[in-house]
Amino acid sequence: MRRTPALLSFGLSAALLTSLAACAPGDSASELAEGCTAPGAASDAVSVTGEIGSAPEISFESPLTTEATQRTVVIDGEGEAATDGDIVTMEYAILNGATGEEIESSGFDGAAPVQFTLDAETTYMAGLSLILECTTPGSRITGVIPPAEGFGVEGIPDLGIEGTESIVWVIDLVSIADEPLARAEGEAQEAPEGLPVVELADNGAPTITIPSDEPPAELQIEALIVGDGPVVGDGATVTVHYTGMNWQTGEVFDSSWERGEPTSFPTSGVIEGFRQALVGQTVGSQVIAVIPPELGYGPSGGTPDGSIGAEDTIVFVVDILATS
């Protein structure tokens, strides 16, 4: 798990996220290139009732096991189906196939939906990619995933999942994200005086120079580039490149540019000043936000690693690459 203090945890629990990131179930993900995952007796045995987008009623006779991932379409949506490399937004419930107990859910209970990237090249929860591929937006599916294509032989003890137990997923596929931009694209704007100076490298990565003045007491948000893409809605999921700097120290505390890849999250899952900087902006825009401590990390007493103090003002330069 990479350290990203700009973002607060959301959706999948910490234990589950850690297990997903560490999971290495062999080369099962290569099956993604061979077509859609077929239904089977296990996935067909999962009974799901309720309207799409609402909390489903789920039942099955346990223990439910499978040797290979199975997928059944309960409600068929419309449009282009998800393929390898797509970023999908989903609502889900996860149940233990051996006990029938619910492990976790998100989206159905009013929480923000979760994004997941289908990836045929890495062994990152292969079974989840297998059941999501070929699914269209507006669909509800059931999937049953064996340990070898799920959480591995170690399971997730913190969540009561043994390494011998299959996992049942019920997923509503909300949307498939558009291909994100590589960097901000649009009309450059003249930055107001008094804000940090932003210079861009050839690839678009920003260098931020903090003024010698005291930071402003109020939230400052300015568009440095105005794109012509969709507007970011409150609660929407965004894909961004960003750099965060501490005004007081002049040090970069987090940067997706330094990691070499953009990141995605719901606007409801970040600090308030960052949320306000994103909502209402358009895809393709680059935004600078100067965030006072009360809208940043002040309420939490700063960050655990000490890179941001409780009284520190922070600066973000954000390229908005996609939204869904």
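The values are calculated or read from the model by the stated rules, or taken from the named source; none is laboratory data. From a predicted model like this one, the values you see are computed outputs, not experimental measurements. Cβ coordinates were reconstructed from backbone atoms using ideal geometry, including for glycine residues, and neighbour counts include every protein chain displayed.
Structure notes:
- In the range 243-261, the residues that are more than 23 Å from Asp213 (Cβ to Cβ) and either aromatic (Phe, Trp, Tyr) or not in a loop (DSSP other than H, G, I, E, B) (or both): Asp254, Ser255, Ser256, Trp257, Glu258, Arg259
- So Ser175, is it small (Gly, Ala, Ser), surrounded by fewer than 23 Cβ atoms within 10 Å (Cβ to Cβ), at pLDDT below 95 and within 15 Å of Ala81 (Cβ to Cβ): yes
Results for (1) surrounded by 15 or more Cβ atoms within 10 Å (Cβ to Cβ); (2) modelled with pLDDT of 95 or more, shown as yes or no for each residue.
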| position | (1), (2) |
| --- | --- |
| Ala24 | no, no |
| Ser28 | yes, no |
| Ser59 | no, yes |
| Glu121 | no, no |
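- Matching strands (runs of 3 or more DSSP E) fully within the range 102-186 where at least 3 residues are closer than 23 Å to Thr323 by Cβ: 114-117, 167-176
- Lone qualifier among Val226, Val240 - being at pLDDT 95 or above, under 14 Å from Ser324 (Cβ atoms) and not acidic (Asp, Glu): Val240
Here is a yes/no grid of residues against (1) farther than 25 Å from Ser106 by Cβ; (2) in the same structural domain as Pro230 (by TED's automatic domain parsing); (3) at pLDDT below 95; (4) out of contact with any helix residue (DSSP H, G or I) (no Cβ under 8 Å at 6 or more places or on another chain):
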position	(1), (2), (3), (4)
Gly244	yes, yes, no, yes
Trp247	yes, yes, no, yes
Asp254	no, yes, no, yes
Trp257	yes, yes, no, yes
Gly260	yes, yes, yes, yes
Thr263	no, yes, yes, no
Glu272	no, yes, no, no
Val279	no, yes, no, no
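- Residue that is surrounded by the fewest Cβ atoms within 10 Å (Cβ to Cβ), among those in the range 301-324 that are of a type in the set (Gly, Ala, Ser) and under 18 Å from Thr249 (Cβ atoms): Gly306
- Complete set of residues in the range 36-57 that are surrounded by fewer than 13 Cβ atoms within 10 Å (Cβ to Cβ), more than 24 Å from the chain's Cα centre (by Cα) and within 20 Å of Glu102 (Cβ to Cβ): Thr49, Glu51, Glu57
- Odd one out for Gly235 among (1) of a type in the set (Gly, Ala, Ser); (2) in contact with a helix residue (DSSP H, G or I) (Cβ under 6 Å, 6 or more places away or on another chain); (3) in a strand (DSSP E or B): (3)
- Residue within the range 96-110 that is crowded, with 17+ Cβ neighbours inside 10 Å, modelled with pLDDT of 95 or more and under 22 Å from Val174 (Cα atoms) present: no
- Selection within the range 45-81 - small (Gly, Ala, Ser), out of contact with any helix residue (DSSP H, G or I) (no Cβ under 9 Å at 6 or more places or on another chain) and touching a residue at least 12 places away in the same chain (Cβ under 8 Å): Ala45, Ser47, Gly53, Ser54, Ala55, Ser59, Ser62, Gly77, Gly79, Ala81
- Filter result (touching a residue at least 60 places away in the same chain (Cβ under 8 Å), surrounded by fewer than 19 Cβ atoms within 10 Å (Cβ to Cβ), over 30 Å from Glu311 (Cβ atoms) and out of contact with any helix residue (DSSP H, G or I) (no Cβ under 9 Å at 6 or more places or on another chain)) within the range 184-228: Glu185
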